[in-house]
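To start, the structure itself, in structure tokens.
The values are calculated or read from the model by the stated rules, or taken from the named source; none is laboratory data. In this text the structure is predicted, and so the values were computed from the model without any measurement. Quick reminder, even Gly has a Cβ in these numbers, built from the backbone with ideal geometry, and neighbours come from all protein chains shown. For the accessible areas, the whole protein counts, side chains as well, though only heavy atoms, and no ligand, DNA or RNA atoms are used. Shrake-Rupley method; radii C 1.70, N 1.55, O 1.52, S 1.80 Å.
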Amino acid sequence: MICRRCLLAEMESEKPLYELLREWLAALPPEDAAAPETVQARLSACRACDRLTNGMCALCGCYVELRAAKKRMGCPDTPGKWE
Amino acid sequence: MANITVNARRCAGTVNRNLFGHFSEHLGRCIYQGLYVGEDSSIPNVNGIRTDVAEALKKIKIPVLRWPGGCFADEYHWRDGIGPKADRKRMVNTHWGYVVEDNSFGTHEFMELCRQLGCEPYVNGNLGSGTVREMSEWVEYLNSDGDSSVVRERWQNGRKEAYGVKYFGVGNENWGCGGNMRPEYYADEYRRYQTYCRNYGENKLCRIACGPSEADYNWMEVLMKNDARFMDAITMHYYTVPGPDWQHKGSATVFTETEYYTTLRKARAIEPIIEKHLQIMDRYDPEHHVGLIVDEWGTWHDVEPGTNPGFLYQQNTMRDALVAALSLNAFIRHCDRVVMANIAQTVNVLQAVVLTEGDKMALTPTYHVFDLYQAHQDGASADCFVQSEPVADGVPQLDATASVKNGALTLTVANASADKTADVTASLDGFAAKAVSARILTGATGDYNDFTHTSVAPRAWNGVKLAEGQLTFTLPACAVAEITCL
């Protein structure tokens, strides 16, 4: 199944991968984590982006739920959509 | 004290420039985003090809580029990738990541990429799921100047002249993803398919048979015994997987010193495997008509956390740089029969030389090794005898190769030790050196470049002294150096 607007958390077929992602998120040191409101704003931008497929950004190959959770990360598009 | 004896009078052959070749597959972000962004992208491009990546690859004189796979090759139907882009077939890439392949990068785009890079194209045909006719017509489409329907199709798509593609692979990994064939079956299929891969005009096609994975000597035996007279080259693939198995390959950036040496030991293991394959080839082809092409090699780590597992995106450290140096040295030492090698893969996949993210680009330590080795391209190999102590896991501290071209002798030396410098004396027999210059790439084993910092890069090095025909230098730990003698 291919979904162009979904995050992994919303895809039943990607549940095992999402569980792995949750483990990574849990292991993220607090000093490296973005603020919750920042994460939500970033993910909203990702949902509206044509580059999103099955929770993954085609520009960087990252699962956006993890990328958005990391403070130092940016949107790889030109211009970036997270700013 | 370590010693290197270079004997320029003993030459095993020409170091074919294609030993420094590359491989680009429709996999992850190698083609799309890595090499090709399309004409409408805001990322600077020429006819859709990224300008920054193309410029970087030209700087290391990329000699040959293999495409479209890999496993993708045996599922690729070339007609899907020609004609107006809006009409091209869309498919799901079932080998890699299950992403939609819109075929916007096809035959003409690949040939344009090679034109911009100034490199030879190496096209890998589909034997696993394609027909004899399909493969035959692809060669005709690429290379014929005749007034046939197939050639007229190329004209309609904007290309009048034949491309003159020299290197053509007849299937890929047909023992695995290319059809799970037995060697006896593939050997017969190869004979049939290659029959219809014609020479057109002055262009003599180099027909390349699918060879073995790593140490599958039986595959080589069967292919050479039955098909040697029908091929110009045969391939082999070898990946350096640091971990104990494919499920536990290990992180690209986080590893222990023990894992560092294990990686180098496994990288060095390619050389005795090559030698045994060459022994088999010598039995059936003593005149050396058939070349060996290592058209997939490099490190295979776990993907970067949080990235699509099917995209094979991994970082690249000084450890990978050492793997590159040791592997290239092995190819150079056997240049009498090893005629091409293609690192897997050029951009964003496995041991990439270039990483991209949006409009940003990073050159990896492996890129810089290719830079340091480029003077070897088409040089006359010079015998290079190295004496040094093992550092760990049976890995000798030093490895070196040398070649002579245009009156200059190039010596490339790698120090595999994670933490020990090497005091080296290098004697140069058969070459009267009058001046010396050098460049060096060095760092901690885990150093790497990313999109915010690029600390790993070669620099000019004045640590090499020339006196009475001898070079003396102290090579830093975990380093690769290029020494040029004039």
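With the requirement that a residue be more than 9 Å from chain B (Cβ to nearest Cβ), within 18 Å of B:PRO309 (Cβ to Cβ) and part of a loop (DSSP other than H, G, I, E, B), what does the stretch A:35-70 give you?
A:GLY55, the sole residue that qualifies.
Check B:ASP40 against each of (1) modelled with pLDDT of 95 or more; (2) over 22 Å from the mean Cα position of the chain (by Cα); (3) of a type in the set (Asp, Glu) and name the one condition it does not meet.
Condition (1) is where B:ASP40 drops out.
Based on what the data block shows, is A:LEU17 at pLDDT below 90, touching a strand residue (DSSP E or B) at 6+ places or on another chain (Cβ under 8 Å) and assigned to a helix (DSSP H, G or I)?
In short, yes.
Within the bounds of the stretch B:299-309, is there any residue that is open to solvent by less than 20 Å² (accessible area, probe 1.4 Å), β-branched (Val, Ile, Thr) and within 27 Å of A:ALA26 (Cα to Cα)?
Yes, the stretch B:299-309 contains a residue that is open to solvent by less than 20 Å² (accessible area, probe 1.4 Å), β-branched (Val, Ile, Thr) and within 27 Å of A:ALA26 (Cα to Cα).
Residues being touching a helix residue (DSSP H, G or I) at 6+ places or on another chain (Cβ under 7 Å) and open to solvent by 20 Å² or more (accessible area, probe 1.4 Å): count how many of those fall in the stretch B:375-390.
1
Would you confirm whether any residue within the stretch B:327-342 is open to solvent by 10 Å² or more (accessible area, probe 1.4 Å) and β-branched (Val, Ile, Thr)?
yes
Among what's in the stretch B:94-139 and is modelled with pLDDT under 95 and within 14 Å of chain A (Cβ to nearest Cβ), pick the residue that is most open to solvent (accessible area, probe 1.4 Å).
The qualifying residue most open to solvent (accessible area, probe 1.4 Å) is B:TYR98.
Just name the residue that is farthest from B:LYS420 (Cα to Cα) out of those in the stretch B:4-26 that are open to solvent by 10 Å² or more (accessible area, probe 1.4 Å) and touching a Phe, Trp or Tyr at 6+ places or on another chain (Cβ under 8 Å).
B:ALA8
When you go through B:ASP302, B:ASP245 one by one, which is the residue that is touching a residue at least 12 places away in the same chain (Cβ under 8 Å) and closer than 30 Å to B:ASN415 by Cβ?
After ruling out the rest, the residue left standing is B:ASP302.
Output the residues belonging to the stretch B:230-254 that are open to solvent by 20 Å² or more (accessible area, probe 1.4 Å) and over 24 Å from B:PRO272 (Cβ atoms).
The answer is B:PHE230, B:ASP232, B:GLN247, B:HIS248, B:SER251, B:THR253, B:VAL254.
Identify, from the list B:ASP429, B:ASP393, B:ASP419, the residue that is more than 20 Å from B:ARG333 (Cβ to Cβ) and out of contact with any helix residue (DSSP H, G or I) (no Cβ under 6 Å at 6 or more places or on another chain).
Sole residue among the options that is more than 20 Å from B:ARG333 (Cβ to Cβ) and out of contact with any helix residue (DSSP H, G or I) (no Cβ under 6 Å at 6 or more places or on another chain): B:ASP419.
Can you confirm whether the stretch A:27-34 contains a residue that is surrounded by fewer than 20 Cβ atoms within 10 Å (Cβ to Cβ), within 13 Å of chain B (Cβ to nearest Cβ), among the small types (Gly, Ala, Ser) and not in a loop (DSSP other than H, G, I, E, B)?
yes
Residue by residue through the stretch A:53-75, note down the ones that are more than 12 Å from the chain's Cα centre (by Cα) and surrounded by 23 or more Cβ atoms within 10 Å (Cβ to Cβ).
none
Which fully enclosed strands (runs of 3 or more DSSP E) of the stretch B:424-478 have 3 or more residues being within 20 Å of B:LEU398 (Cα to Cα)?
Result: B:436-442, B:470-475.
Kindly list, by first and then second residue, each pair from a residue in the stretch B:152-180 that is closer than 19 Å to B:GLY291 by Cβ to a residue that is surrounded by 19 or more Cβ atoms within 10 Å (Cβ to Cβ) and of a type in the set (S, T, N, Q), limited to pairs with Cβ atoms under 6 Å and residues at least 6 apart or on different chains.
Matching pairs, first to second residue: B:VAL165/B:ASN143; B:GLY169/B:ASN124; B:VAL170/B:GLN194; B:ASN172/B:ASN124.
Please tell me if A:GLU10 is among the charged types (D, E, K, R) and more than 14 Å from chain B (Cβ to nearest Cβ).
Considered against the rule, which asks whether it is among the charged types (D, E, K, R) and more than 14 Å from chain B (Cβ to nearest Cβ), A:GLU10 comes out as yes.
Looking at this structure, is B:VAL290 touching a residue at least 12 places away in the same chain (Cβ under 8 Å) and open to solvent by less than 10 Å² (accessible area, probe 1.4 Å)?
Yes; evaluated as a whole, the condition is true for this residue.
Can you name the condition, by its number, that A:ASP50 falls short on among (1) under 24 Å from B:ASN348 (Cβ atoms); (2) surrounded by 11 or more Cβ atoms within 10 Å (Cβ to Cβ)?
Going through the list (1) under 24 Å from B:ASN348 (Cβ atoms); (2) surrounded by 11 or more Cβ atoms within 10 Å (Cβ to Cβ), A:ASP50 breaks only (2).
For every residue, the table says whether it meets (1) free of Cβ contacts under 8 Å to residues at least 12 places away in the same chain; (2) out of contact with any Ser or Thr (no Cβ under 9 Å at 6 or more places or on another chain).
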| residue | (1), (2) |
| --- | --- |
| A:CYS3 | no, no |
| A:GLU19 | yes, yes |
| A:GLU23 | yes, yes |
| A:PRO36 | yes, yes |
| A:ALA45 | no, yes |
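Name the residue that is modelled with the highest pLDDT, counting only residues in the stretch B:343-373 that are within 12 Å of another protein chain (Cβ to nearest Cβ), in a strand (DSSP E or B) and open to solvent by 10 Å² or more (accessible area, probe 1.4 Å).
Selected residue: B:MET361.
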